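Below is one structure, written out as C-alpha cells, with a few remarks after it.
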Amino acid sequence: MTIRSTSTGELSRLMRAAGFTGIDESRVLAEGWQVTDFAEAGRRSLANLVQSVGAPAVMVSFLDSDVGFVEALTPDGSSWEGLLNRETAKSYEIPLEHFPVESAVAGAIAWSAVAGLMPDEETVRQALTGSALFVEELSSALLVALGLPDAA
C-alpha cells in the first residue's frame, strides 16, 4: 500500500479500520508518502482508506511472488487496475484481457497527475508489461515510474 499520510501511527490505525490486516511498519518516503506492507485487505479496504485519508493510494496484492494485482484510487473515485508479470499470470490462467495494458497506462498517468506526481509513461508501460523472477521487482519499478519520491 502506498499513500500520502501525515503519521505512520495514524496510517496503521486507519488501515486497520479500513479492513487491512497484518499491517507492517510503514516506510516513509519524501513528501509525506508512505509504503506499508499488509497481509490481507477486504473488498472495499482501499476505497475505505482513500476516503478516510482523503489522498490517492496505490495497492499491489501479490500472488506468491509471481503475479501482482495493482489497484489505485483517488479521493474523487477515479481508479485504475493493472497486472504485473503478465507472462507468469498467463501460465496461472489469469485472463489477461481483464487487464488491458493501454487503459492501465492511461489510468496510471491520470492517477499520478491527481497525486501531484511526475510519472514516466514509458517506464509505467514497461513495468506493466515486463517480466521478473520476483514480481516485487516490477512493483518497485512501477512505483518509481509513477513518480513516487524515494520509491526506489
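The values are calculated or read from the model by the stated rules, or taken from the named source; none is laboratory data. Since this is a predicted model, take the numbers as computed values, not measurements. FYI the Cβ positions are ideal-geometry reconstructions off the backbone, even for glycines, and counts take in every protein chain you see. Accessible surface areas use protein heavy atoms only, side chains included; no ligands, DNA or RNA. Shrake-Rupley method; radii C 1.70, N 1.55, O 1.52, S 1.80 Å.
Put simply, of LEU146, LEU142, LEU84 the only residue that is touching a Gly at 6+ places or on another chain (Cβ under 7 Å) and either open to solvent by less than 60 Å² (accessible area, probe 1.4 Å) or not β-branched (Val, Ile, Thr) (or both) is LEU84.
Hey, among the residues in the stretch 125-136 that are under 23 Å from ARG27 (Cα atoms) and in contact with a strand residue (DSSP E or B) (Cβ under 9 Å, 6 or more places away or on another chain), which one's surrounded by the fewest Cβ atoms within 10 Å (Cβ to Cβ)? The qualifying residue surrounded by the fewest Cβ atoms within 10 Å (Cβ to Cβ) is GLU136.
All of SER131, SER140 fail the test of being of a type outside the set (Phe, Trp, Tyr) and under 28 Å from THR21 (Cβ atoms), apart from SER140. Inside the stretch 93-109, residues that are open to solvent by 30 Å² or more (accessible area, probe 1.4 Å) and within 15 Å of LEU143 (Cβ to Cβ) make up a count of 1.
For (1) open to solvent by less than 50 Å² (accessible area, probe 1.4 Å); (2) under 23 Å from ARG4 (Cβ atoms), each residue gets a yes or a no:
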site: ALA39; (1), (2): no, yes
site: VAL53; (1), (2): yes, yes
site: VAL60; (1), (2): yes, yes
site: ASP66; (1), (2): yes, no
site: ALA72; (1), (2): yes, yes
site: TRP80; (1), (2): yes, yes
site: THR88; (1), (2): yes, no
site: SER91; (1), (2): no, no
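If you go through the stretch 24-37 and pick out every residue that is open to solvent by 40 Å² or more (accessible area, probe 1.4 Å) and either modelled with pLDDT of 95 or more or under 13 Å from the mean Cα position of the chain (by Cα) (or both), you end up with 1.
Of the residues screened, SER112 is not one that is closer than 28 Å to GLY32 by Cα and either touching a residue at least 60 places away in the same chain (Cβ under 8 Å) or open to solvent by 50 Å² or more (accessible area, probe 1.4 Å) (or both).
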